[in-house]
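Inspection log for the structure reproduced underneath, given as structure tokens.
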Amino acid sequence: MIPQEKIDEIRQSIDIVDIVSDYVRLQSSGHNYKALSPFTAEKTPSFVVSPDKQIYKCFSSGKGGNVFTFLMEMEKISFPEAVEAVARRAGIDISGYRRSSPQPGAAENRHYDTLKWAGRLFNRLLFAEEGRQALEYALNDRGLSRKIITSFGLGYAPDQWDRLKKEAARSSIPAEELSATGLLYHNPRKNTTYDYFRNRIMFPIFSVGGNVVGFGGRTLSNDKKAPKYLNSPDSAVFDKSRVLYGLHAAKDAIRKQGEAVLVEGYMDVLALHQAGITTAVASCGTALTRHQAALLNRYCSQVLFLYDADDAGQKSMLSGIGILLAGGLTPWIATLPAGDDPDSFVRQNGREAFETYLSTSRQSFIDFQISYQESKGMMNSADGKSQAVREILSTVNLVRDPVQQEIYLREIEQKLNLSLAVLRDMLHDIGQRNRSRSSGEAKPSPTVTATPGEPSITVLEKTFLKALMESADYGHEVLDFAASHAELLVLPTPAAADLLHHILQYYRHASAHDNSLPDISAAIGSIDSEQARDLASGLLIDTPLSQHWQESFDEHQQKARRCLTAFLDSFRHLILQNYRDRKQELISRLHKVTDIEEEKQLSADLNQLLKDEQTTESDVNAMISAILSGNS
């Protein structure tokens, strides 16, 4: 196992903002950063990252935690794998710990391991003697360098029906695991299984985080019946509509430039990256989807379509425009000369000529649609022009920014010689129709609710826990007080009770080993209960208790005292609330009791409870006064 001290070192060596930025487009918001939630479909940002506390909170889904829990959510990996991923990013070697750690047991983690194993096998076979023909094809016919082949992990699947199956057996990987990851195909009619990929150049498809999730294979056979390209079937870890080929390698360049180049094929991506155009990505053998648009929206605000110039490519770009606009992205279009694709063009002309061509031939999505409609003869009649304009305005209706909408309307007005008033009326009509159509389909956004039968967390519990966690910024005193009086604290909400138990347990462990201030972010990351973890991150992301009052000149001291006061006040109320609840229960039972002896016993219990309540309240008030006097 990786020791807690090492885990803390790894977490402290990285900024959560850098990790989260790989998945969402963060924007500064005061001391924090905000973004659209990566967990839900929303239009108003509710996902918050705190660089000070090194935690995140998604208020639309309720999820929250630290850098490890974020990676676990996004990549669907185990805690040890999340620690490994952050360690790699930080350049910290934990190989010694990893060797002695037990293998993750989750099915998804086994799938990732199997796919990684298959990718390495395919890559090794490509450079072996039996892969010579495939390697020559990649190097000579397609002009790929060994460097790009290695960096993208290309491989070779031999022309054998059971090679992968035999290699897996030698590596103690069961056939069921190969089937679950789409590497083995089962023929139900013959009740036989065989390798899914045979005699193909293999392209590993990576998740944004760098895990192999599937493969694409380009045939080397002359058999016209064999599909030219074959993708992994969908599985528990692979959905081709939700991944983009090359994004794991392109995301940093895309974020830096603010624009992605969207092409059609694997070879297009490889050729462009080899030429130094490292913002290229491709959909995996499918038309662009809203999920892929959402992926791009994490890193950029603009996308340049660069599909083939044939009619199929033109139609694909036309349908993709609406998907990108609906995803909050601005599409641009560049059409290559007839007969060319990005792969052939950049290999024949080089990077400089390619970039020059793009800069001079790129069109706005308005211009592209007008040109397309004109090429189809739609502008030659009143009916055709009316239909074409409506189609163009349907895409403008998807633009979220009203200022941009106005700019596009004026552009259409000038280029098609139409009245701005007419265009606005048409756009309004289209918007009304779309809203009417979607109103019956709209689904409420997910919200965080208590489990049925579970009480909702009270304001008192929130105040108490928030003050308790914030107090760690100012010293041990509050945590020490809570730990020594834990038996008096009864929190009715399970998530709140779990959080309190974990914080106190973490504090006791930390104080037994050193005298440094407890790290609340580390404590949150090690909470097993998802509900308690989400609660903690939400409370800490919210405005600190000390900021609910006006700041004064001795800011740090005043914040500490206000935090202490809030904690002690909620501590007193929590303890007394327990007495009030028990008192109310006894009174309720007294009203219903009919047996005289039972009534006497309940009355005696109630009198004793009242005495205990008065004594406890007096003792607690005395303790609080002593603590506050000592901190004045």
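Straightening the chain between M1 and R582 buys 204.7 nm, computed as 0.36 nm per residue apart minus the Cα-Cα spacing. Distant-in-sequence amide contacts of L336, defined by a placed amide H-H separation under 5 Å and a gap of 5 or more residues or a different chain, comprise A309.
For semi-axes √(5λ) of the Cα gyration tensor in Å, computed directly from the structure shown, the correct entry in (i) 56, 34, 24; (ii) 57, 24, 21; (iii) 65, 37, 19 is (i). Efficiency by 1/(1 + (r/R0)^6): what FRET value for D340 and H31, r their Cβ-Cβ distance, R0 = 45 Å, to the nearest 0.05? Efficiency for this residue pair is about 0.35.
Other residues lying with their Cβ under 12 Å from the Cβ of L574 contribute a combined charge of 0, Lys and Arg counting +1, Asp and Glu -1. Each of L36, Y112, V67 was placed along the dipole of segment 1-113 (beta-carbon charges, centred on the mean Cα), and the one lying farthest toward the positive end is L36. For segment 146-180, backbone nitrogen atoms closer than 14 Å to the point 7 Å from L139 Cα along Cα-to-C-beta are found at 146-150.
Can you give the FRET efficiency to the nearest 0.05 for E176 and D595, using r as the Cβ-Cβ distance and R₀ = 51 Å? Present the calculation step by step, with values, prior to reporting the outcome.
Numbers: r = 65 Å, r/R0 = 1.27.
That gives a FRET efficiency of 0.20.
For G65, the amide hydrogen comes within under 5 Å of the amide hydrogens of Y56, counting only partners 5 or more places away or on other chains and with H modelled in the peptide plane.
Residues in segment 367-379 carry Karplus couplings, in order, of 4, 4, 5, 5, 4, 5, 5, 5, 5, 8, x, 6, 8 Hz; the curve used is 6.51 cos²θ - 1.76 cosθ + 1.60 with θ = phi - 60°, and Gly or Pro positions show x.
Sort 413-420, 79-86 by the packing proxy (mean of other Cβ within 10 Å over each peptide's residues), most packed first.
Values: 413-420: 12.4, 79-86: 22.0.
Listed from highest to lowest mean packing, they are 79-86, 413-420.
The calculated FRET efficiency for K228 paired with E477, based on their beta-carbon distance and R0 = 51 Å, is about 0.15.
Each residue of segment 136-146 was assigned a 3J(HN,Hα) from its phi angle through the Karplus curve 6.51 cos²θ - 1.76 cosθ + 1.60 (θ = phi - 60°); the sequence is 5, 4, 5, 6, 8, 6, 9, x, 7, 7, 4 Hz, with glycine and proline shown as x.
Measuring with a 1.4 angstrom probe and ignoring ligands and nucleic acids, D113 comes out at about 60 Å² accessible. Each peptide in 385-393, 224-232 was scored by the mean count of other Cβ atoms within 10 Å over its residues; highest first, the order is 385-393, 224-232. The modelled label-to-label distance between R433 and E617, using points 7 Å beyond Cα along the C-beta direction, is 6.9 nm.
So, with a 1.4 angstrom probe, what is the percent of accessible area on the chain that is carbon and sulfur? Kindly include the intermediate steps, with their values, before the conclusion.
Values: 15190 of 31250 Å².
Ligands and nucleic acids excluded, carbon and sulfur give 49 percent.
Put simply, the amide H of A260, placed in the peptide plane, has neighbours under 5 Å in Q302, V303, L304, leaving out anything fewer than 5 places away on its chain.
For W117, W161, W332, the ranking by accessible surface with the largest value first comes to W161, W332, W117, using a 1.4 Å probe. Computed from label points 7 Å out along Cα-Cβ, the spacing between S386 and Y194 is 5.8 nm. Rounded to the nearest 20, the Cβ-based charge dipole of the chain about its Cα centre (Lys and Arg +1, Asp and Glu -1) stands at 2100 debye. Ordering 590-599, 21-30 by mean Cβ neighbour count within 10 Å, with the highest value first, yields 21-30, 590-599. In this simple spin-label model, placing a label point 7 Å from the Cα along the Cα-to-Cβ direction at both S419 and D542 gives a separation of 5.5 nm. Dividing the Cα radius of gyration of segment 256-388 by its Kirkwood radius returns 0.98 for Rg/Rh.
The values are calculated or read from the model by the stated rules, or taken from the named source; none is laboratory data. All values reported here derive from a predicted model rather than from experimental measurement. A quick note on method: Cβ atoms are made from the backbone with ideal geometry, for glycine too, and the neighbour counts reach across all protein chains shown. What goes into the accessible areas is simple: the full protein's heavy atoms, side chains included, and nothing from ligands, DNA or RNA. Shrake-Rupley method; radii C 1.70, N 1.55, O 1.52, S 1.80 Å.
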